[in-house]
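Trainee: Please read through the structure below; I'll follow up with questions.
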Amino acid sequence: MRLPKSLNLLDVFAIATGAMVSSGLFILPGLAYAKAGPAVVVSYLLAGLLACCGMLSIAELATAMPKAGGDYFFATRGLGPAVGTIAGLLSWFALSLKSVFALVGMGAFAVLVIGIDARLVAFVFCLVFLVLNLTGVKIAARVQVALVAGLLVLLVLYVLWALPAVRMSNFEPVAPKGLTPIVSTAGFVFVSFGGLLKVASVAEEIERPDRNIPMGMIVSLLVVAVAYALVILMTIGVLSPDRLSGSRTPISDGAASFMGSWGAVVMGVAAILAFVSTANAGMMAASRYLLALSRDELLPGPFGRINAKFKTPHIALVVTGLFMAAALVLELDLLIKAASTVLVLSYMLSILSVIIMRESHLQNYRPRFRAPFYPWLQIVGLLGLGLLLREMGGVVLLISIALIVAGFLVYWFYGRPRASHEYALLHVIERIASRELVTGALESELKEIIRERDDIVADRFDHVVEDCVVLDLKGEIAVEKFSRLAADALAPRLDIERETLFKLLLARERETTTALNPNLAIPHVVIEGKHRFDILITRCRDGIFFSETAPSVKTVFVIVGTKDERNFHLRSLAAIAQIVHESDFAKRWIVARGEEALRDLVLLGRRMRNK
């Protein structure tokens, strides 16, 4: 069962922003300041730049394959089910832990504001978010928008009130411990930008994913980067180094220093809003990984069940909620390191997936948004993220290896006997080794994803093309020989004599050439009878000689029908005109791999459809 598309651009922005502005702003700055000093702002910006490399790659993949599970789905279709299983479980683990981190932080601030036990508050809200997400993604998204709006307003007020109280002496020296801690601290705070993955995981439920995913993610990252920089700068400026270093409530402490106790309460409320939005978005996103793994039979079937009433993956949500509740007993520092490590790995896999998908030359890989500066952006992203992992220390590497091994064991003992998906890496190997390794299954799957993404409802023209004859000819051919081939292919389907149809096609061509330009011809004739209509699609790489002005036509659509089909005849001409008008049609036509690839080019062409 498909998940309904109910999330708009504002929802995408709110999910990403709310998922990022929480612990990364209200808890980590004090801990990060203790590592890097005032240069912690640079650490945040460096982490944001590296996240941008991953975000642009994720946006490309998500507009090409807007399916539940985000980076899991990309890794599976790009690098294979083994890597995909590891990526899916890593991302589920990371986003769940990030949400737990938010719940713990929310409980800590709740103690400051209302004096209730932190773990109890975290557990109660975990249950609340579980119920909220079970009742529908749209309701959860509406709550998310309200939370993020309130949070951003409070952050703007904080910056404006703090500005007069800033002491420039607090910024000296800028980097008291040197440059190396700046890089390692960037890895420490990288978890702050994990919200971008959450958008990809719910891509299947986003309206107009080609527009709303990249725009929502880009705007969200810009807003969050500016918010982090301004708020942390203000906090460094108003708090003494001793008070800020190691603080678990740095923004509230900063507000208290220039607004008094009521300021601490206000920013405590802002922190609670931030943690609520992060935990809510995290549970929503993490559950989609289990759903996607189950759909591909890499996890048991129940994880993929969709509730008939609420249209939500209720089993996946319940399991995610239980894991988050159990993880509440873990130490805060362990949560930060584990979540950051896994998020770095997830971004690296997404970047690798873009490289593989592009280099596979898959015809039906058609992202509506393409990451710029390929492949340099991806290379910089991989090197930078790899450096972050190295600088985060040996414990982090051990955590990474342990999680990867755990994911691989799940694949080996459960998913491997059931895995059957074709993946893009095979296409890359096929190109290098010149061996037949693929069946076209991935191209077919991508075709169906495009239809779902673009809400394509097949009309009569689509059905005719699905059933029509496709010729892929070699060598230079004269128009007379081509007319004979076309008559031989179409005559039996139209219940007409081959010779009769051949003469009609030849007469039509002698009357006036049907070549519309040097690369395209559309021969079309009317035959006797009723309710007969067919199309023949032809490619000839070496060209068909139609006339002196069109001596090497490579694309031909032959249309044959009876008089009563005249209106549909005209609609078919209009449909073909729209398809071949696409800027990259001629290039795709020449490099298409075989007859089915040619058919797909026509079926997936952008045009107005007759409902």
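Trainee: Of the listed pairs LYS98/LYS309; LYS530/LYS587; LYS309/LYS447; LYS67/LYS311; LYS198/LYS447, which have alpha-carbon separations greater than 27 Å here?
Mentor: Violating the 27 Å limit, Cα to Cα: LYS98/LYS309; LYS530/LYS587; LYS309/LYS447.
Trainee: Separate question: For a quick check: with amide H placed at 1.01 Å from N, whose amide H comes under 5 Å from ILE527's, ignoring anything fewer than 5 positions away on the same chain?
Mentor: GLY561, THR562, LYS563
Trainee: Tilt of helix 137-162 relative to the longest C-alpha principal axis of the chain, in degrees (0 to 90, nearest 10)?
Mentor: With rounding to tens, the tilt is 50 degrees.
Trainee: Diagonalise the Cα gyration tensor of the range 458-603 and give the resulting equivalent ellipsoid semi-axes, square root of 5 times each eigenvalue, largest first, whole Å.
Mentor: Over the Cα atoms of the range 458-603, the ellipsoid semi-axes are 21, 19, 14 Å.
Trainee: So how tilted is helix 40-64 from the main axis of the chain? Cα-based, degrees 0 to 90, rounded to 10.
Mentor: Value to nearest ten degrees: 30.
Trainee: A further question follows. Treating only the Cβ atoms of Lys and Arg (+1) and Asp and Glu (-1) as charged, compute the dipole magnitude of the range 338-423 about its Cα centre; round to the nearest 20 debye.
Mentor: 260 debye
Trainee: So, one more: Within 10 Å of each residue's Cβ, count the other Cβ atoms and sort LYS481, LYS311 from fewest upward.
Mentor: Going from sparsest to densest Cβ surroundings: LYS481, LYS311.
Trainee: What FRET efficiency, computed as 1/(1 + (r/R0)^6) with R0 = 51 Å and r the Cβ-Cβ distance, is obtained for LYS138 and GLU528, rounded to the nearest 0.05?
Mentor: Once the sixth-power term is evaluated, E becomes 0.35.
Trainee: Using the Karplus curve 6.51 cos²θ - 1.76 cosθ + 1.60 with θ = phi - 60°, what ³J(HN,Hα) values do you get for each residue of the range 344-359, in whole Hz, with x for Gly and Pro?
Mentor: 3J(HN,Hα) across the range 344-359, in whole Hz: 4, 4, 5, 5, 4, 5, 5, 5, 4, 5, 4, 4, 5, 4, 5, 6.
Trainee: Can you tell me what the convex hull of the Cα atoms of the range 9-415 projects to on average, as an area in nm²?
Mentor: Computed as one quarter of the Cα hull surface, the answer is 18.1 nm².
Trainee: Please list, short to long, the whole-number percent of alpha-carbon pairs of the range 422-517 in consecutive 5 angstrom bins beginning at zero.
Mentor: Values per bin, smallest distances first: 2, 10, 12, 13, 14, 12, 13, 14, 7, 2, 0.
Trainee: Count charges around MET215 for me, please; just the other residues with Cβ under 15 Å from its Cβ, Lys/Arg as +1, Asp/Glu as -1.
Mentor: 0
Trainee: So what are the range 1-139's ellipsoid semi-axes, whole angstrom, largest first, if each one is the square root of 5 times an eigenvalue of the alpha-carbon gyration tensor? Show your work: numbers first, answer last.
Mentor: Values: eigenvalues 165, 106, 43 Å².
The answer is 29, 23, 15 Å, longest axis first.
Trainee: Continuing with the same structure: Using each residue's phi in the range 555-569, evaluate 6.51 cos²θ - 1.76 cosθ + 1.60 at θ = phi - 60° and report the 3J(HN,Hα) Karplus result to the nearest Hz, with x for Gly and Pro.
Mentor: 10, 9, 10, 9, 10, 10, x, 7, 4, 5, 9, 4, 4, 5, 4
Trainee: Can you tell me the orientation of helix 376-391 relative to the chain, as the angle in degrees between its alpha-carbon axis and the longest Cα principal axis, to the nearest 10?
Mentor: In the chain, helix 376-391 runs at an angle near 30 degrees to the longest axis.
FYI, it's all coordinate maths here, none of it is from the lab. Every value quoted in this text rests on a predicted model; they were computed, and no experiment measured them. Glycine gets a Cβ as well: all are built from the backbone with ideal geometry, and neighbour counts include every protein chain shown.
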